[in-house]
Amino acid sequence: MDIALVRLPEVDEQAVITLANDPTARRYLAMEGEYTVADHREWVADKERHWAQSGYGVWGVLVDGHYAGWGGLQSWRGADVELAVVLAPRHWGLGRRLGAHFARVAFDDLHLPSVIVLLPTWRKNRRAILRFGFRYDGEDEFQGERFERYRLLREHAGALRRLPRVGEPQRR
């Protein structure tokens, strides 16, 4: 399986729109109404502005050349940086590897002291993020939805930092 990260303008916009409107994936997103072409173009422009201002951002994720989702790092309310991964349900098994990749970018390349992840309050399974060193850090609200915030400090990121980056060979 070949995983590639590409800038969002390079991704087929209809593929992104289809994922954003998928009922299973959409449960994890704070969005109201149908995600449209206009919404998508505004979102991509916003993410590209973030890249220009911050030097980091989110990527489109391709698996064997096909759109699988998006993920990366984005500023969150002040000094926090959110590690976000949104994948089509059939690719949910890649979340760990992508999360590890983006954590290594955050800590090894950008030298950030911590990253956060936001999980819907209704999501009960938190074992994976807790196993990787994230700790509960409060709640946030975004577009009317409540999320639990978990923080990973650089010094507690050993488990994630041992996993290969995207583009590196996987250890068996």
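The values are calculated or read from the model by the stated rules, or taken from the named source; none is laboratory data. As the structure is a computational prediction, the values presented were derived from the model and not from experiment. When we count neighbours, we look across all protein chains shown, and the Cβ atoms used for this are built from the backbone with ideal geometry, even at glycine.
Here is how the numbers come out for the structure above:
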| quantity | calculated |
| --- | --- |
| Checking LEU119 against (1) touching a Lys or Arg at 6+ places or on another chain (Cβ under 8 Å); (2) part of a helix (DSSP H, G or I); (3) surrounded by fewer than 18 Cβ atoms within 10 Å (Cβ to Cβ); (4) at pLDDT below 95, the condition it does not meet | (2) |
| Those residues of region 16-50 which are in contact (Cβ under 8 Å) with a residue 40 or more places away in the chain and touching a His at 6+ places or on another chain (Cβ under 8 Å), in sequence order | VAL16 |
| Residue match in region 159-172 (condition: of a type in the set (Gly, Ala, Ser) and either buried (at least 17 other Cβ atoms within 10 Å of the Cβ) or under 20 Å from LEU29 (Cβ atoms) (or both)) | no |
| Close pairs from region 133-157: first at positive phi, partner in a strand (DSSP E or B), Cβ under 8 Å, at least 6 apart | GLY133/LEU152; GLY133/LEU153; GLY138/GLU148; GLY138/ARG149 |
| Among residues of region 90-132, those that are touching a residue at least 24 places away in the same chain (Cβ under 8 Å) and of a type in the set (Phe, Trp, Tyr), counted | 3 |
